[in-house]
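Asker: Starting off with a structure, shown below.
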Amino acid sequence: MFKPKRKAVVVGAGIAGLATALRLGRDGWDVTVVERSPARRSSGYMVNLIGRGYDAAERLGLLPALRPRALGLFTTVLTRADGRPKFTVPAALAEATLGPRTLTVFRGDLESALFTAARDHADIRFGVTVTSSDDAGITLSDGTSEHADLLVGADGVHSSTRGPDHVVDLPYVVAAFGLPHPVPGVPDDSATTFIGAGRTAAVVALGPGRSSAFFTYRCADPAAELRKGPAEALTAAFGDLGGGVPDALRHIGPDTYFDAVSQVVMPRWSTGRTVLVGDAAWCVTLFAGHGAALAMAGADELGAALLAHDDVPSALAAWEASLRPEVLKRQALARRGMVQYAPPSDFHVRMNDLTIRAMTLPGIRTLVRRSVERANR
C-alpha cells in the first residue's frame, strides 16, 4: 500500500534548522524550511564540532565539505592591555582540550555546507515566516499553507516559535566579526587574547577569509548596550587596548554579530507535533563552546528518533530524554565558564593566568586530554 511522505515545516535556516532539514529530507520526509531573513547571513565567529556534534557532521556527510575550511590549530598569545605578550599558549594545548575528533570552522562555512547539502532534500524559502499554526494547518507569510506532521522551531534564542518566555538573560554582551588580512599587531597563524576584569578581546589572524575578532564584556544593562550599536559599545568597552584590538574595532560593520548573552531553560522542548531544536530550545551561550555541536547533534538525533518510533510524540519524548542531560551539563559549564571570559576582578585574572600556564605543562596537558575524552564519550 502506498504510504504518503510525512511532512515537516522547519522554522529557521541556521545550523539547527538546516541540519534538521538535511536529516529529515534524507530520511524521506517532505521538508519545507522558512527563514525570516531575505538571504543567508554570514558570521565571523568560530564554532567547534566536537563529541556528538562531530559524530553528527560525519553521519550527515558534511566532513568532506568542511575539512578544506577547517581552521586547524594555532598558537594563542595572552597579552597585557597595551598589547605586550604575557605568555604563549601552544597549539598542542588546544589539541589536548578539544580532542582528536574535532573540527573548528567559521559558523558561516558550516551553514554554507549545510545549505548546499540540504537544498537537495528540502524546499528552502527566504523572507518567509509562519503566521499561524493550528490543527487545520500551518499558514505562511507567502500566502501558502502546509498540513504538516511536524513543526520544528529552529529559529534561535529569539525564537518566534517559542516566544519570549524561558529566556534567562545574563549580564554580558558578545560580538564577533570577520577581519581582513593581515591583522596589524597579530602574527600570522596565531591569535592574541586579552583577558581583563570583566572583559575579553581576541583577534585571530589565520589568513584571508579566516581572520576574525571576538569580544565579550560584563555590563549592568545589556539591552542598553545593544541600543548603542556595536561600534559605539565596543569602542567604549575596549578602546583603551593595544595590540590588534584598535585595528579590529575599525572593521566593525553591518555583518557584525552583536547580542546579549542568554540561555534558554525549558521544562520540555516539545508539545504535540511542535518541537524546538538548537538555541530555540536550549541555548547554552557562546561561553559553553558547544552550541553548534549541540545543534548538529540535536538535529541528527531527532531524525534517528523519528525513524525509531511510529508516532511523533513518542519519538520526541525519547529524543529529549537522551539529549537533555548533555544540554544541562553544558549550560552549567557555561555559567561557570563566565569567570574565564569575564573575570570579576584582577585577582581572578591572575588566577586564570596561573591555571592556563599550568595547563601548558606536558603532564597536565595529558590529564586535560584524558578528561576531555571522557567528557565527550
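The values are calculated or read from the model by the stated rules, or taken from the named source; none is laboratory data. All values reported here derive from a predicted model rather than from experimental measurement. Cβ coordinates were reconstructed from backbone atoms using ideal geometry, including for glycine residues, and neighbour counts include every protein chain displayed.
Asker: Is it the case that ALA295 is at pLDDT 95 or above, assigned to a helix (DSSP H, G or I) and over 12 Å from the mean Cα position of the chain (by Cα)? Break it down into steps so the answer makes sense when it comes.
Answerer: Details: at pLDDT 95 or above: yes; assigned to a helix (DSSP H, G or I): yes; over 12 Å from the mean Cα position of the chain (by Cα): no.
Criteria not met by ALA295.
Asker: Ok, one more. Could you list all residues from region 17-63 that are in a strand (DSSP E or B) and acidic (Asp, Glu)?
Answerer: ASP30, GLU35
Asker: Return the only residue of THR256, THR285 being at pLDDT below 95, within 25 Å of VAL186 (Cα to Cα) and crowded, with 19+ Cβ neighbours inside 10 Å. Write out each step before concluding.
Answerer: Values: THR285 fails: within 25 Å of VAL186 (Cα to Cα).
Going through THR256, THR285 in turn, just one is at pLDDT below 95, within 25 Å of VAL186 (Cα to Cα) and crowded, with 19+ Cβ neighbours inside 10 Å: THR256.
Asker: At pLDDT 90 or above and closer than 26 Å to VAL77 by Cα, is that true of ASP353?
Answerer: On the way: at pLDDT 90 or above: no; closer than 26 Å to VAL77 by Cα: yes.
Criteria not met by ASP353.
Asker: Moving on to the next point. Among the residues of region 182-225, how many are within 14 Å of GLY244 (Cβ to Cβ) and assigned to a loop (DSSP other than H, G, I, E, B)?
Answerer: Here the count works out to 9.
Asker: Can you tell which of ASP165, ASP189, ASP221 is more than 21 Å from the chain's Cα centre (by Cα) and loosely packed, with under 15 Cβ neighbours inside 10 Å?
Answerer: When all the criteria are applied, what remains is ASP221.
Asker: For region 105-132, what are the residues that are in contact (Cβ under 8 Å) with a residue 60 or more places away in the chain and either in a loop (DSSP other than H, G, I, E, B) or small (Gly, Ala, Ser) (or both)?
Answerer: If the condition is that a residue be in contact (Cβ under 8 Å) with a residue 60 or more places away in the chain and either in a loop (DSSP other than H, G, I, E, B) or small (Gly, Ala, Ser) (or both), then GLY108, SER112, ALA117, ALA118, ASP120, HIS121, ALA122, GLY127, VAL128, THR129 are the ones that fit.
Asker: Oh, and also: Given the criteria modelled with pLDDT of 95 or more, over 23 Å from GLY185 (Cα atoms) and among the hydrophobic types (A, V, I, L, M, F, W, C), does ALA56 qualify?
Answerer: yes
Asker: Moving on to the next point. Taking only region 16-41 into account, find how many residues are surrounded by fewer than 24 Cβ atoms within 10 Å (Cβ to Cβ) and of a type in the set (Gly, Ala, Ser).
Answerer: 4
Asker: Residue by residue through region 226-283, note down the ones that are in contact with a Pro (Cβ under 7 Å, 6 or more places away or on another chain) and part of a helix (DSSP H, G or I).
Answerer: Across region 226-283, the qualifying residue is only ASP247.
Asker: I've got another one for you. So which of LEU307, LEU316 ends up being out of contact with any Phe, Trp or Tyr (no Cβ under 6 Å at 6 or more places or on another chain) and surrounded by 15 or more Cβ atoms within 10 Å (Cβ to Cβ)?
Answerer: Within the list LEU307, LEU316, the selection yields LEU316.
Yes/no per residue for (1) outside the structural domain of LEU18 (by TED's automatic domain parsing); (2) of a type outside the set (A, V, I, L, M, F, W, C); (3) farther than 24 Å from ARG6 by Cβ:
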residue	(1), (2), (3)
ALA295	no, no, no
GLY298	no, yes, no
LEU302	no, no, no
TRP319	no, no, no
LYS329	no, yes, yes
ARG335	no, yes, yes
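Asker: Pull up region 69-103, narrow it to residues that are more than 23 Å from GLY242 (Cα to Cα) and modelled with pLDDT of 90 or more, then point me to the one that is surrounded by the fewest Cβ atoms within 10 Å (Cβ to Cβ).
Answerer: ALA70
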